[in-house]
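S.K.: My questions will all concern the structure given below.
The values are calculated or read from the model by the stated rules, or taken from the named source; none is laboratory data. The structure presented is a predicted model; accordingly, all values stated were derived computationally and were not measured. Here the Cβ is made from the backbone with ideal geometry for all residues, glycine too, and neighbour counts use every protein chain on show. These area figures cover heavy atoms from the full protein model, side chains too; ligands, DNA and RNA do not enter into them. Shrake-Rupley method; radii C 1.70, N 1.55, O 1.52, S 1.80 Å.
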Amino acid sequence: MITRLLRTAWVVLVAMVMTGFLWMPAPWSPWWVLMLPGALFAVAATVLAGEFALMWASSTAPCRERPAVSELAAAWRQELWANCRLAVWRMPVLGVRDSTPCLARPPVLRGLVLVHGYGCNRGIWSAWLKTLAEQQVPCVAVNLEPLLASIADYSPIIEAAVAD
């Protein structure tokens, strides 16, 4: 479900930008239509920066043990980039790919079931699945749907993955 929501959001965003370029009044600059994606990115970056600032300000660690502002800024940039990759590529595109179990050779007694959190899908595990397949670790990633259901509603999905 989150995959469909993200795909729909991207289709709407692209349609709005294309419509803006096609039906823009003559004296206006074509760059104004790019303000919507830029504004969405700016909001996401600002919210994330606020979370980092709140984390730093509410830390109970002594000042000498807190990260420097430059370290915090570097972590913020990396987190922002990871969030963009996740929302633009991994969840909408890789989250719908078939997640058939990776069978290890020789047979092993234990495998791995990767379960995402709320608001995500199995696309979040795409890099892990690739690494685990290279290491021949048997694994499967699940998609928990419908979105925001009770945890108890997801038990059949997880049980089926464990059985695989």
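S.K.: Filter segment 15-35 down to the residues that are under 30 Å from residue 73 (Cα atoms) and either modelled with pLDDT of 75 or more or aromatic (Phe, Trp, Tyr) (or both) and list them by number.
M.R.: Those that are under 30 Å from residue 73 (Cα atoms) and either modelled with pLDDT of 75 or more or aromatic (Phe, Trp, Tyr) (or both): 31, 32, 35.
S.K.: Show the residue pairs that are 6+ apart or on different chains and have beta-carbon atoms under 7 Å apart, the first residue being within segment 126-141 and over 13 Å from residue 116 (Cβ atoms) and assigned to a strand (DSSP E or B), the second being open to solvent by less than 40 Å² (accessible area, probe 1.4 Å) and small (Gly, Ala, Ser).
M.R.: none
S.K.: State all residues of segment 52-89 that are open to solvent by 80 Å² or more (accessible area, probe 1.4 Å) and of a type in the set (Lys, Arg); if no residue qualifies, say none.
M.R.: Selection gives 64, 77, 85.
S.K.: Yes or no: residue 36 at negative phi, free of Cβ contacts under 8 Å to residues at least 24 places away in the same chain and either surrounded by 12 or more Cβ atoms within 10 Å (Cβ to Cβ) or outside any helix (DSSP H, G or I) (or both)?
M.R.: yes
S.K.: Output the residues belonging to segment 100-157 that are open to solvent by 50 Å² or more (accessible area, probe 1.4 Å), within 23 Å of residue 83 (Cβ to Cβ) and at pLDDT 85 or above.
M.R.: Residues satisfying the conditions are 115, 125, 128, 130, 131.
S.K.: Report every pair of residues separated by at least 6 positions or lying on different chains whose Cβ atoms are under 7 Å apart, first residue within segment 45-68 and closer than 24 Å to residue 81 by Cα, second exposed (fewer than 10 other Cβ atoms within 10 Å of the Cβ) and not hydrophobic (A, V, I, L, M, F, W, C).
M.R.: none
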